[in-house]
Amino acid sequence: MTESSKPVFVIGHKNPDTDSVCSAICYARLKSEITGNEYIAKRAGHLNEETQYVMNRSGVNPPQYIKDVRPQVKDIEIRRTQGVSDELSVRNAWKLMKSLDVVTLPITDKTKLKGLVTIGDVARSYFEIFDSNILSTAKTSFKNIVETLEGTVITGNKDEIYENGKVLIAAANPDMMENYIEENDLVILGNRYESQLCAIEMNAKCLIVCDGANVSMTIQKIAQEHNCIIIVTSYDPYTAARLINQSMPIRFFMKNTESLIKFQTNDFIEDIQDIMAKKRHRDFPIEDENGDYVGMISRRNLMGAGKKKVILVDHNEKNQAVYGIETTDILEIIDHHRLGAIQTMSPVFFRNQPLGCTATIIYKMYNENKVDIDKNTALLLCAAIISDTLIFKSPTCTEDDVEAGKALAAIAEIEPETFGKEMFKAGSNLSTKSPEDIMYQDYKCFTVNDVSIGVGQVNSMSEEEIKDLKRRLLPCIENAVGQGGNHMAFFMLTNIMTESSEVLCAGRNAAELLAGAFNVDIRDKCVILKGVVSRKKQLFPAIMEALQQ
């Protein structure tokens, strides 16, 4: 796969919310429409109930989950060397290696890898093997012998397998030949009638008649009676004797899969490079997730390991991004949050606007590029805006968000208030979830002056559910500090109907910080903040300011 043909992944933040997922889908559609290239929406976490409701309502399949964006084997150039049959002769394997300019051939059975044969194995068959029984030991087919010697079958069946006997050259007279020719032997000889007859009568399995000599009808008839195969070759006896070992099947020399080091397309480059560095193998076979053979790679391929190309939506901080983001080529960032600390290797297109929702920015980009918004896309974008602005009630909501939300609602043929309540009701059905799942379903981490702060939020339309969630989450929030790696943790239980939030806190000085930020008294590490419904514009900025003071 070339760099230009690689797809671009459009990804939202970890613990994705509705804006993160819907914006990724819609921006991937916009980029594909504008450029004609492949842009694929991905998600960096599991869907919550609210977002799943939107997916079901729109009939859209959610983006596939991607846990890690580090370079993988499938991101590098895999040499697609086609697999060969284990019956291929050593000679034909050598020719194929020369024509493909490779030193390793994969041996396959349909789609599955059976083994490998290397140029070293071919050399070994020629330089190290002097056993006259080797052809029968290797179960060589007579078809391979005919191909290797470029011969013609005069009698017998070339599809038979040579299973017993040795190879010899009949250089002596017939009287002496009787002393060393045994049953099933393969005899290389010339055009002497007496020698041919002697070998057949000694029950030789095959005669290799050299120099293109004619074979008399009498000899042919006697050979047929003795089930003896006769092959005529234009090579002289010396050349035929040198070549015949090259007719052995590569199966006899191949390294079986049990002894091979092989990798999968989904393996990460940094996980395999140490293994490859410790082995002297030139090439390593690659299989896909189904165990089917794909191709070969070498250590040299790793030098050109390509980075994944990504576009980030609805976030711009490293600790909120999918794992391995620092190894990717970030092309664009589309966001509506504060500027974080993510770094890029080269300049990127960065669009950040103080709006209530990333989807509002993407709506503007559709209009700016004069791309029509279909009903399906309108529903996704509108749902994201309704979610992030709490049906236009959040203090983060701007006139642009309201205008975009109403225009999209008209295209999607939905009523924002009704749709929003249905969506939030679906999202607040948390009774079957564990406290940990609820805690981290919409949990973001921020860093201020080397202090790591986690802030989670869940919306509900029921006061009773808020009380139940508080009871269940109070023990859980303590684990976010220490085990979760945060110095402080805050969690907003937001009541959409009363437009207020009960905030839980944990960590050293977290309660004092929260009390100072909002000038309130904290009891049992929780407080009700009326009119506070936004993590981005109300809670976190106040905490950050108090921390800096």
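For first residues located in segment 362-377 and surrounded by 14 or more Cβ atoms within 10 Å (Cβ to Cβ), partners that are of a type in the set (Gly, Ala, Ser) and lie 6+ apart or on another chain with Cβ distances below 6 Å form the pairs Ile362/Ser23; Tyr363/Ala404; Asn376/Ser58.
Kindly indicate whether Glu464 is touching a residue at least 12 places away in the same chain (Cβ under 8 Å) and closer than 25 Å to Glu417 by Cα. Here the answer is no, as Glu464 does not meet what is asked. Residue count for segment 273-291 under the criterion of being at pLDDT 90 or above and more than 15 Å from Arg80 (Cα to Cα): the result is 3. Note on segment 143-167: residues that are free of Cβ contacts under 8 Å to residues at least 40 places away in the same chain, in a loop (DSSP other than H, G, I, E, B) and either surrounded by fewer than 17 Cβ atoms within 10 Å (Cβ to Cβ) or not charged (D, E, K, R) (or both) amount to 2. Take segment 313-336 and flag every residue that is part of a loop (DSSP other than H, G, I, E, B) and either out of contact with any helix residue (DSSP H, G or I) (no Cβ under 9 Å at 6 or more places or on another chain) or of a type in the set (Phe, Trp, Tyr) (or both). Scanning segment 313-336 gives Asn316, Glu317, Ala321, Val322, Gly324, Thr328.
Scanning segment 165-180 for residues that are under 60 Å from the mean Cα position of the chain (by Cα) and small (Gly, Ala, Ser) returns Gly165, Ala170. Against the numbered list (1) open to solvent by 60 Å² or more (accessible area, probe 1.4 Å); (2) at pLDDT 95 or above; (3) part of a loop (DSSP other than H, G, I, E, B), Leu339 comes up short only at (2). Of the residues examined, Glu87 is one that is open to solvent by 60 Å² or more (accessible area, probe 1.4 Å) and either of a type in the set (Gly, Ala, Ser) or within 30 Å of Ser298 (Cβ to Cβ) (or both).
Could you look through segment 90-111, keep only residues that are open to solvent by less than 80 Å² (accessible area, probe 1.4 Å) and in a loop (DSSP other than H, G, I, E, B), and pick out the one that is farthest from Tyr126 (Cα to Cα)? Ranking the qualifying residues of segment 90-111, first place goes to Thr111. The single condition among (1) over 25 Å from Glu49 (Cβ atoms); (2) at pLDDT below 95 that Lys393 does not meet is (1). All conditions but one from (1) without any contact (Cβ under 8 Å) to a residue 60 or more places away in the chain; (2) assigned to a helix (DSSP H, G or I); (3) touching a Ser or Thr at 6+ places or on another chain (Cβ under 7 Å) apply to Glu512; the one that does not is (3).
If you go through segment 118-139 and pick out every residue that is of a type outside the set (D, E, K, R), in contact (Cβ under 8 Å) with a residue 40 or more places away in the chain and either farther than 26 Å from Lys158 by Cβ or surrounded by fewer than 12 Cβ atoms within 10 Å (Cβ to Cβ) (or both), you end up with 1.
When residues in segment 442-456 are screened for being of a type in the set (S, T, N, Q) and at pLDDT 85 or above, 1 of them pass. Can you find even one residue in segment 129-136 that is assigned to a loop (DSSP other than H, G, I, E, B), modelled with pLDDT of 95 or more and closer than 14 Å to Met248 by Cα? Looking through segment 129-136, none of the residues is assigned to a loop (DSSP other than H, G, I, E, B), modelled with pLDDT of 95 or more and closer than 14 Å to Met248 by Cα.
The values are calculated or read from the model by the stated rules, or taken from the named source; none is laboratory data. All of these numbers come straight from a predicted model, not from anything done at the bench. Every residue, glycine as well, gets a Cβ built from its backbone with ideal geometry; the counts of neighbours run over all protein chains shown. Accessible surface is based on the protein model in full, side chains and every heavy atom, while ligands, DNA and RNA are left aside. Shrake-Rupley method; radii C 1.70, N 1.55, O 1.52, S 1.80 Å.
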